[in-house]
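The values are calculated or read from the model by the stated rules, or taken from the named source; none is laboratory data. All of these numbers come straight from a predicted model, not from anything done at the bench. As a convention, Cβ positions derive from the backbone with ideal geometry for all residues, glycine included, and neighbour counts pool all protein chains shown.
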Amino acid sequence: MFNVSKEFAPPFKLIAPFFISGVIFYIFSAISLFFIDFDYSYMQLSIAGWVHLFLLGFVMMIIFGAMAQLVPVVLETGHFSVDFYYVIFPLLALGILVMIFGFWFNPMLLSFGGILVLAAMIIFAIEVFLTIKKSNLNSLSVKSIKISNIFLLIGILTGFLLALSLSGFLGVDTTSILKAHVYAVVGGYILITIIGITLILLPMFGLAHGFDEKPVKIAFKVMSYSVFIVIVGSFLDFKVLNQIGYIGAFGSILFYLYQIFLIYKKRVRKEADIWYKSMLFAYIF
């Protein structure tokens, strides 16, 4: 169990805009589904716009707000500087809006929105690494934060290359870059972050202890290598590497789910409250 001093917790006025805007973007993404003409091509700009509205506007906003709270819990130390988040939020929010307008109305705007999102995420990663430097811990959760933020930087840099290409400022192989971009962000940042944070939050709220952590350690290593392999395979246009990475990522998820099962079996908290029901529903779907 983690004992974190209240002085480590960021002020509510700092994290509230992330969650509020995340909910707003979620609502807009749900409403926009009624107005998008899908042809089920991943290269369709209207679909790409919706994906970024949902993943950047909702998922990443919520993750950034949550990480502002969770990083001190994982590292057992205060932020290097919470003031960074006052800069991150407006850059990220404005960048998302400009990018969505770019996808839906004028591709020229994509590079301008992309540079704002790039700046926000670089600042976020710098703050995280500077905070990590303050901590002496080297647990799996700490390692997951390190690796996931490296992949975040790779993901946002490849995304910016795509934005420059779609805006007409740069000519690149969008198909290869897109694979690297998607795997770096979704597999490298989001999933590895979830794998690392889960090891703290689920035992904490489920009051579980004494479980075997080997499956989650395997899941972390396999996912990290798999994402790296897919990124390399995408840039080299080596399909065999991509296939190996896909299989490895799938295997990693299976090890992760097995770890969840082990934590579930060892939990002391047995009542099926709203926390339990929401977690069960989320893992099933």
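Counting only helices (runs of 4 or more DSSP H) wholly contained in the stretch 82-196, the ones carrying 3 or more residues that are among the small types (Gly, Ala, Ser) occupy 84-104, 110-134, 140-167.
Note on the stretch 108-134: among residues that are surrounded by fewer than 16 Cβ atoms within 10 Å (Cβ to Cβ) and in contact (Cβ under 8 Å) with a residue 40 or more places away in the chain, the one that is farthest from SER167 (Cα to Cα) is LYS134. Among residues of the stretch 167-190 being crowded, with 22+ Cβ neighbours inside 10 Å and either within 14 Å of ALA48 (Cβ to Cβ) or of a type in the set (D, E, K, R) (or both), the one that is farthest from the chain's Cα centre (by Cα) is HIS181. Of the residues making up the stretch 1-18, those that are outside any loop (DSSP other than H, G, I, E, B) and either at pLDDT below 75 or surrounded by 13 or more Cβ atoms within 10 Å (Cβ to Cβ) (or both) number 7. Screening SER21 against (1) modelled with pLDDT under 90; (2) in a helix (DSSP H, G or I); (3) among the polar types (S, T, N, Q) leaves a single unmet condition, (1). One residue stands out in the stretch 204-243 among those that are at pLDDT 95 or above and among the aromatic types (Phe, Trp, Tyr): the one that is surrounded by the most Cβ atoms within 10 Å (Cβ to Cβ), namely PHE220. What do you reckon, is PHE35 aromatic (Phe, Trp, Tyr) and either closer than 22 Å to SER111 by Cα or modelled with pLDDT of 95 or more (or both)? Spelling it out, it is not the case that PHE35 is aromatic (Phe, Trp, Tyr) and either closer than 22 Å to SER111 by Cα or modelled with pLDDT of 95 or more (or both).
One residue alone among GLY187, GLY113 is touching a helix residue (DSSP H, G or I) at 6+ places or on another chain (Cβ under 7 Å) and within 30 Å of ILE274 (Cα to Cα), and that residue is GLY187.
So GLU76 clears everything in (1) among the charged types (D, E, K, R); (2) within 22 Å of PHE19 (Cβ to Cβ); (3) surrounded by 17 or more Cβ atoms within 10 Å (Cβ to Cβ) except one condition, right? Which one? If we test GLU76 against (1) among the charged types (D, E, K, R); (2) within 22 Å of PHE19 (Cβ to Cβ); (3) surrounded by 17 or more Cβ atoms within 10 Å (Cβ to Cβ), just (2) comes out false.
Cβ-Cβ contacts under 6 Å between residues 6 or more apart (or on different chains), taken from a first residue in the stretch 72-89 that is farther than 15 Å from ILE122 by Cα to a second residue that is in a loop (DSSP other than H, G, I, E, B) and among the aromatic types (Phe, Trp, Tyr), are listed as VAL73/PHE2. Look at (1) in contact with a His (Cβ under 9 Å, 6 or more places away or on another chain); (2) surrounded by fewer than 19 Cβ atoms within 10 Å (Cβ to Cβ); (3) hydrophobic (A, V, I, L, M, F, W, C) and you find that PHE101 fails only one, number (1).
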